[in-house]
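Report on one structure; see the data block that follows.
Computed from the coordinates by the stated procedures, all read-outs in this text should not be read as laboratory data. Bear in mind the structure is a predicted one, so any value in this text is a computation, not a measurement. Reconstructed Cβ throughout: ideal geometry from the backbone, glycine too, with neighbour counts over all protein chains shown.
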Amino acid sequence: MLSLTGSSAAVALLAACGGDDGGATAPTDETATAAATAAPAASPTAGPISTVAGSVPDPKIEVRGEAISPTDTDAAIASSAAQSHFVALAPSVKQRGQLFMYLPGSGTSPTTHKLINEQAARNGFHVVSLFYQSLSPAGQNLLVLCGNDSSGECFNATELRILDGQSRTGSQIEVTEVNSVMNRLVKLLRYLPGKHPGEGWDSYLVGDTPKWESIVVAGASLGGSLVAQIARERSVARVVMLSAPLDHTPIGRQNGGAFQVAPWLSGPHATPSARYYAFGHSADENVDWELQWKAAQLGLLDLGAITNVDGAKAPFGNSHLLVTSAKPATTGANANHISIVYDAVTPKDANGQPLHAPVWQYLMVG
């Protein structure tokens, strides 16, 4: 069982900007949508899977990507045109029978994290990337709200509240059940069959309960902490934590002094350790990953040493804890932190493709 427990200047810039992904000089148009293709709807078994483990699918494989307002899936959900989910499917690719559920960082539009989700679609996943409530009314994120709580319970209570909308002592963000991640996921999977009949979106539900054993949960920054929380109580197919989990006090990158990871990161999880993977930047503005991962006692170090992927090839020594020192595509506050996956900031190769695509591939399918 995975060992995880139940429930600076860069951070100041985070607080000023609001979200985990704020501050970098990258376009953050929350209203951007992916262009839908004219390809006909495909059945969940149409076409061959055009990739094998370890190889990145051809980026020319057509992906139907679209932004969907949460309010369209449930009129009771608080939303706006700027806060859309992102859904993707590659109609020509045989579907693998797994859902790739992605959660971006605080206050971040899923449409700014399309590259990794489109790659997941080309691997045969049904893909949903959710917009969710993650900031206080003043626009503060969890690093600011919980970063000085020495008990560490603030992170746990607030993250669980974001996930299920249940009131908990210590939670710093008010989220109702209807606005929770869980309701947003269920309502989206209920909505999609009406829009795209025969594609199998509702096959990932049993009643109103997600079929977690068929779901890969992935997330960046706060989203990475949230997917670890999901896997804590439920056995999922795989867990991908990008620039996550950040939960520790006091706020800011550890400099060798005393710090404490949130206690919930030190107890048992329902998902086995071998299904967890994490990827971060060696110069992350908010955390020293080597110190964080060791202190969290995730159990992943027992599966292999922390490995730098720069210049290396998959499977990266079969490590479950990966780092990079690659220069972000843009400069700005928090650029290293978000460069792991944020479309405009993640580095590109000579062909304009994401430099980290082989790492993403390893993380999501091995």
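Listed values, structure above:
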read-out: Mean-position separation - Cα centroids, the range 97-130 and the range 335-363, in angstrom; value: 14 Å
read-out: Which of Cys146, Cys154 has the fewest Cβ neighbours within 10 Å, and the rest in rising order; value: Cys154, Cys146
read-out: For peptides 232-245, 125-138, sequence by mean Cβ density within 10 Å, most packed first; value: 232-245, 125-138
read-out: Semi-axis lengths, Å, the range 263-366, gyration tensor of Cα atoms, sqrt of 5 times eigenvalues; value: 24, 17, 11
read-out: Cα-based shape type of the range 80-164, given that a ≥ b ≥ c are square roots of the gyration tensor eigenvalues and the cut on a/c is 1.5; value: prolate
read-out: Inter-label distance for Asp208 and Ser55, nm, one decimal - labels placed 7 Å from Cα along Cα-to-Cβ; value: 4.5 nm
read-out: Neighbour-count order for Glu177, Glu118, fewest beta carbons within 10 angstrom listed first; value: Glu177, Glu118
read-out: Set of lysines with alpha-carbon distance to Lys313 below 28 Å, sequence-local pairs under 8 removed; value: Lys60, Lys94, Lys114, Lys294, Lys327, Lys348
read-out: Net length gained if the chain between Ala295 and Gln260 were fully extended (0.36 nm per residue, minus Cα distance); value: 11.8 nm
